[in-house]
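Step one of this worksheet: look at the structure below.
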Amino acid sequence: MAKSALRFVVHEHRSKRLHYDFRLEIGGTLKSWAVPKGPSMSPADKRLAVMVPDHPLVYIDFEAIIPEGHYGAGPVVVWDEGEFVPLDTDDPEASLKNGKLSFELRGKKLKGAFALAQMKHLPKSTGKEWLLMKKKDAHALDGYEVKTELTPARLKNLKEQVPPCETE
Ligand code: MN
């Protein structure tokens, strides 16, 4: 039986502060990191990615304005999505536990090889700080700039909706 492809999503979320929620389908859930500056296609950029609680898979295509009074109030849209392919491992959960995961993304914006590496030796580490990095490959783009998907046209089509889980 062919394994169905694993998926990833990046949500652009303008709650108290704009950030990008980077989510990988691992172990039947969405492992999630908040990336303040957003992912980059440039290997020169190492982006802080703060691990946040897992989100259920149903959240993968969630787009709405989270109403005031709810956690993460503000607009959230899918910034990119596609296939997620773990590299060099059959057990991405174990790789995450060990603080390092390499993977390929097949999105519309994010393509090619990436890595997530836990920063274990920060002086004030909470254990949640990771770096999200593009690896050098044919898809890499120097001087990459994150472009917003929270455009007036998309915002106009968003409805207020309480998410299926608490979201940061
Ligand atoms: Mn968020």
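When residues of the range 129-143 are filtered for being over 21 Å from residue 101 (Cβ atoms) and surrounded by 13 or more Cβ atoms within 10 Å (Cβ to Cβ), how many remain?
Final tally of qualifying residues: 1.
How do the pairs read when you match residues in the range 117-139 that are outside any strand (DSSP E or B) with residues anywhere that are modelled with pLDDT of 95 or more and aromatic (Phe, Trp, Tyr), using Cβ under 9 Å and keeping only pairs 6 or more apart or on different chains?
Pairs found: 119/130; 128/33; 135/114.
Taking the range 51-104 on its own, how many of its residues are surrounded by fewer than 16 Cβ atoms within 10 Å (Cβ to Cβ), within 12 Å of the ligand (Cβ to nearest atom) and in a helix (DSSP H, G or I)?
Residues flagged as surrounded by fewer than 16 Cβ atoms within 10 Å (Cβ to Cβ), within 12 Å of the ligand (Cβ to nearest atom) and in a helix (DSSP H, G or I) within the range 51-104 amount to 0.
Suppose we keep only residues that are surrounded by 11 or more Cβ atoms within 10 Å (Cβ to Cβ) and among the hydroxyl-bearing types (Ser, Thr, Tyr) within the range 144-168. Which one would you say is nearest to the chain's Cα centre (by Cα)?
Residue satisfying both the conditions and the ranking: 167.
Got a sec? Which of 31, 111, 128 is away from the ligand (no atom under 16 Å from the Cβ) and among the basic types (Lys, Arg)? Don't jump to the end; show me each part of the working.
Working: 31 fails: away from the ligand (no atom under 16 Å from the Cβ); 128 fails: away from the ligand (no atom under 16 Å from the Cβ).
The match here is 111.
All but one of (1) more than 11 Å from the chain's Cα centre (by Cα); (2) part of a strand (DSSP E or B); (3) of a type outside the set (Phe, Trp, Tyr); (4) farther than 20 Å from residue 95 by Cβ hold for residue 19, so report the exception by its number.
(1)
Which one is farthest from residue 69 (Cα to Cα), of the residues in the range 1-21 that are at pLDDT 95 or above and more than 12 Å from the ligand (Cβ to nearest atom)?
If we take residues in the range 1-21 being at pLDDT 95 or above and more than 12 Å from the ligand (Cβ to nearest atom), then 6 is farthest from residue 69 (Cα to Cα).
Check residue 24 against each of (1) assigned to a strand (DSSP E or B); (2) free of Cβ contacts under 8 Å to residues at least 24 places away in the same chain; (3) more than 10 Å from the ligand (Cβ to nearest atom) and name the one condition it does not meet.
Going through (1) assigned to a strand (DSSP E or B); (2) free of Cβ contacts under 8 Å to residues at least 24 places away in the same chain; (3) more than 10 Å from the ligand (Cβ to nearest atom) one by one, residue 24 breaks only (2).
Tell me, which residue of the range 77-102 that is acidic (Asp, Glu) and in contact (Cβ under 8 Å) with a residue 24 or more places away in the chain is nearest to residue 29 (Cα to Cα)?
The first filter runs over the range 77-102 and keeps only residues acidic (Asp, Glu), leaving 80-81, 83, 88, 90-91, 93.
If we keep only those that are in contact (Cβ under 8 Å) with a residue 24 or more places away in the chain too, we end up with 80-81, 83, 93.
Numbers: 80: 18, 81: 15, 83: 15, 93: 11 Å.
Among them, the one singled out is 93.
Run residue 37 past the list (1) assigned to a loop (DSSP other than H, G, I, E, B); (2) within 11 Å of the ligand (Cβ to nearest atom) and report the number of the one that doesn't hold.
With respect to (1) assigned to a loop (DSSP other than H, G, I, E, B); (2) within 11 Å of the ligand (Cβ to nearest atom), residue 37 is out only on (2).
The values are calculated or read from the model by the stated rules, or taken from the named source; none is laboratory data. Note that the structure is a prediction, hence the values are computed from the model and not measured. FYI the Cβ positions are ideal-geometry reconstructions off the backbone, even for glycines, and counts take in every protein chain you see.
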